[in-house]
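Undergrad: Supplied in structure tokens, the structure appears directly below.
The values are calculated or read from the model by the stated rules, or taken from the named source; none is laboratory data. In this text, all values refer to a predicted model and were calculated from it rather than measured experimentally. We place every Cβ from the backbone using ideal geometry, glycine too, and count neighbours over all the protein chains shown.
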Amino acid sequence: MKFRRSERLIDMTNYLLDHPRQLVSLTFFSERYGSAKSSISEDLGIIKETFEQRGIGTLQTVPGAAGGVKFFVKVPKEEARPFVEELCELIATPDRLLPGGYLYLTDILGDPAIVQKAGRLLASAYADTKIDVVMTVATKGIPLAYAVASQLNVPVVIVRRDSKVTEGSTVSINYVSGSTKRIQTMLLSKRSIEEGSKVLIVDDFMKAGGTVNGMVSLLEEFNASVAGIAVLVEAEKTEERLVDEYLSLIKLSDVDVKEKRISVSEGNYFSKY
């Protein structure tokens with residue numbers, strides 16, 4: 001079946017968006033559409049230009065007989081900043097305050113549109129980094145972890161607080177919570193991560209960083225390394241930060257329960273990335 005150029009462009013764009021960071025050969029597209037490689041190359045040039053103009057991402061050309069193209073999500077700062085500002089306004093609404101000074105974020109982390117945008121921003125920051133796995137802990141950060149992983153085209157592994165029979169044999173460690181200073185346990189299935197993997201840790205909220213630091217220690221048991229740490233919200237006022245290198249979209253500066261005021265600002269995303 002012969003495809004018109006307009007049909008090819010639509011289908012190629014959809015395929016590349018569905019397979020980020022995956023090498024796709026010109027031969028694959030040529031056979032898929034029954035078109036010459038020269039025509040495919042011209043089509044890819046149009047898609048690359050459009051992606052970059054619209055802030056969608058970019059195409060990387062890999063030369064050689066076994067080469068092809070790879071799509072990488074790339075969100076420019078001028079597109080990212082309005083979203084982060086909008087997110088700040090959303091988080092700063094007083095009715096989010098819960099007893100004890102906690103914030104209600106479940107609705108945000110349950111909104112597919114918000115989570116997908118946040119996932120694109122964080123994935124964009126690590127688009128050029130070698131990442132094999134995205135790791136998170138079994139809390140509200142799971143949707144965000146999957147959103148990031150989908151843009152990086154890597155699997156997600158979930159650290160748990162208690163053992164599940166469906167996980168098989170596990171590796172467990174004890175760690176000290178950064179906020180409560182309590183000793184807690186986290187565990188991960190032995191089948192989850194291969195030795196030598198590069199892991200991106202993703203979490204929804206980081207206070208002192210005890211949980212994130214625990215995941216870093218857990219990775220040592222697998223002889224895996226940390227490729228990066230990314231969080232949606234970080235708390236600014238902490239006595240002791242247990243994690244130094246990380247990326248955050250939102251910074252929680254202050255919570256005044258009496259006045260029902262939440263002070264937030266953009267995180268270190270724009271200074272780090």
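Undergrad: Tell me, which residue of the stretch 216-244 that is touching a Ser or Thr at 6+ places or on another chain (Cβ under 8 Å) and acidic (Asp, Glu) is modelled with the highest pLDDT?
TA: Taking the candidates together, the pick is Glu234.
Undergrad: Search the stretch 17-45 for residues being of a type in the set (A, V, I, L, M) and assigned to a loop (DSSP other than H, G, I, E, B), and hand back the single one that is farthest from Lys130 (Cα to Cα).
TA: Of everything passing the filter in the stretch 17-45, Ala36 is farthest from Lys130 (Cα to Cα).
Undergrad: Going by the conditions given, is Val148 closer than 20 Å to Asn213 by Cβ, buried (at least 17 other Cβ atoms within 10 Å of the Cβ), at pLDDT 95 or above and in the same structural domain as Arg191 (by TED's automatic domain parsing)?
TA: When the stated conditions are applied, Val148 passes them.
Undergrad: Looking only at the stretch 128-140, count how many residues are in contact with a strand residue (DSSP E or B) (Cβ under 6 Å, 6 or more places away or on another chain) and surrounded by fewer than 23 Cβ atoms within 10 Å (Cβ to Cβ).
TA: Total meeting the criteria: 7.
Undergrad: Further question: Within the stretch 245-271, how many residues are modelled with pLDDT under 85, touching a strand residue (DSSP E or B) at 6+ places or on another chain (Cβ under 7 Å) and not hydrophobic (A, V, I, L, M, F, W, C)?
TA: So the count comes out to 2.
Undergrad: I need the full set of residues from the stretch 1-26 which are of a type outside the set (A, V, I, L, M) and surrounded by 14 or more Cβ atoms within 10 Å (Cβ to Cβ), in order please.
TA: Phe3, Arg8, Asp11, Thr13, Tyr15, Pro20, Arg21, Ser25
Undergrad: Continuing with the same structure: Considering only residues that are surrounded by 12 or more Cβ atoms within 10 Å (Cβ to Cβ) and assigned to a loop (DSSP other than H, G, I, E, B), which ones fall in the stretch 46-79?
TA: Listed by number, the residues that qualify are Gly55, Ile56, Gly67, Lys74, Val75, Pro76.
Undergrad: What pairs come out if I take residues in the stretch 243-262 that are farther than 16 Å from Gly209 by Cβ and pair them with residues that are surrounded by fewer than 12 Cβ atoms within 10 Å (Cβ to Cβ) and basic (Lys, Arg) whose C-beta lies under 8 Å away, six or more apart or interchain?
TA: Listed pairs, sorted by first residue: Ser253/Lys237; Asp254/Lys237.
Residues are listed down the side, and each one gets a yes or a no for (1) in the same structural domain as Val226 (by TED's automatic domain parsing); (2) modelled with pLDDT of 90 or more; (3) closer than 27 Å to Glu236 by Cα; (4) not basic (Lys, Arg):
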site	(1), (2), (3), (4)
Leu97	yes, no, yes, yes
Met135	yes, yes, yes, yes
Ile158	yes, yes, yes, yes
Arg161	yes, no, yes, no
Arg191	yes, no, no, no
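Undergrad: Still on this structure: Among what's in the stretch 222-265 and is polar (S, T, N, Q) and in contact with an Asp or Glu (Cβ under 9 Å, 6 or more places away or on another chain), pick the residue that is surrounded by the most Cβ atoms within 10 Å (Cβ to Cβ).
TA: Across the stretch 222-265, the extreme among qualifying residues is Ser248.
Undergrad: If Glu167 passes every condition in (1) at pLDDT 90 or above; (2) surrounded by 14 or more Cβ atoms within 10 Å (Cβ to Cβ); (3) of a type in the set (D, E, K, R); (4) out of contact with any Lys or Arg (no Cβ under 6 Å at 6 or more places or on another chain) but one, which one does it miss?
TA: (1)
Undergrad: Now for a different question. Pick from the stretch 137-187 the residues that are under 20 Å from Arg241 (Cβ atoms) and hydroxyl-bearing (Ser, Thr, Tyr): which of them is nearest to the chain's Cα centre (by Cα)?
TA: Among them, the one singled out is Thr139.
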